[in-house]
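The values are calculated or read from the model by the stated rules, or taken from the named source; none is laboratory data. What you are looking at is a predicted structure, and each value in this text was computed from that prediction instead of being measured. We place every Cβ from the backbone using ideal geometry, glycine too, and count neighbours over all the protein chains shown. The area values use the complete protein model at the heavy-atom level, side chains included, leaving out ligands, DNA and RNA. Shrake-Rupley method; radii C 1.70, N 1.55, O 1.52, S 1.80 Å.
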Amino acid sequence: MKKEFSVYEKIRGHFLLARLNVGGIFARSVVWIFRFSAEEGAAGLILNRPTGKSLETCLPEFAGTPLGSVPVFEGGPVDSERLCFLLRFRDALSGNSTVRLGATAEEIRGAIYSPGARAYAFIGRAEWAPGQLEDEIARGTWMRARMDEKAWDAGGSADFWRRLAAKIRKPEAELMLFAPEHLEEN
């Protein structure tokens, strides 16, 4: 018998790809949803908005330390003055990832040279009020994608959205791949 999953179980821990009708900061974004419930709403991080800066350029106290080279991303429009660390471990044998959101500088310092470990810093986050993300999903604003460690390992560049869309086997995802970046140019 096939187990039924709620929308919360289907989305939490997965990636959401913005469809072509999404503009602003979320245009062609990949969002990792780390919290999603009917009571609390949803929260996530935009993974493909690199600022082009490293931690040492944002916080000089990290200059010359192992944390200095950690890339900084624009995580979303909420709490845009707050920095959050994410530490991800990828097991070389299984390929599975463990993600630790809210890692401390000490935890990252201790893990930064471990095989398969990657650290990221995010300024801000994305949040939705209860019912808001459910409504956006129902209207077709977002397309769900399973977490793809290899795509994430390739870096959180602007091309991350395209790499994940290419893995979705739906006609609408194929259309997304060939659409111009600015739809008005079509």
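Overview of values
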{"quantity": "Subset of region 15-30 (residues that are open to solvent by less than 30 Å² (accessible area, probe 1.4 Å) and not small (Gly, Ala, Ser))", "calculated": "15, 16, 17, 22, 30"}
{"quantity": "Qualifying positions in region 128-162 - at pLDDT 85 or above, exposed (fewer than 14 other Cβ atoms within 10 Å of the Cβ) and of a type in the set (A, V, I, L, M, F, W, C)", "calculated": "129, 138"}
{"quantity": "Checklist (1) at pLDDT 85 or above; (2) of a type in the set (Gly, Ala, Ser); (3) open to solvent by 20 Å² or more (accessible area, probe 1.4 Å) applied to residue 68, failing item", "calculated": "(3)"}
{"quantity": "Filter result (open to solvent by less than 50 Å² (accessible area, probe 1.4 Å) and either at pLDDT 85 or above or out of contact with any Phe, Trp or Tyr (no Cβ under 7 Å at 6 or more places or on another chain) (or both)) within region 79-98", "calculated": "84, 85, 86, 87, 88, 95"}
{"quantity": "Test: residue in region 43-54 that is hydroxyl-bearing (Ser, Thr, Tyr), open to solvent by less than 50 Å² (accessible area, probe 1.4 Å) and over 14 Å from the mean Cα position of the chain (by Cα)", "calculated": "yes"}
{"quantity": "Subset of region 31-42 (residues that are open to solvent by 50 Å² or more (accessible area, probe 1.4 Å) and either on the phi > 0 side of the Ramachandran plot or among the acidic types (Asp, Glu) (or both))", "calculated": "39, 40"}
{"quantity": "All positions within region 33-64 that are over 29 Å from residue 129 (Cβ atoms) and among the aromatic types (Phe, Trp, Tyr)", "calculated": "62"}
{"quantity": "Where a residue in region 117-138 is over 18 Å from residue 41 (Cβ atoms) and in contact (Cβ under 8 Å) with a residue 12 or more places away in the chain and its partner, wherever it lies, is open to solvent by less than 60 Å² (accessible area, probe 1.4 Å) and part of a helix (DSSP H, G or I), with Cβ under 7 Å and at least six apart", "calculated": "117/111; 119/108; 121/55"}
{"quantity": "Total residues in region 108-126, condition open to solvent by 70 Å² or more (accessible area, probe 1.4 Å) and out of contact with any helix residue (DSSP H, G or I) (no Cβ under 9 Å at 6 or more places or on another chain)", "calculated": "1"}
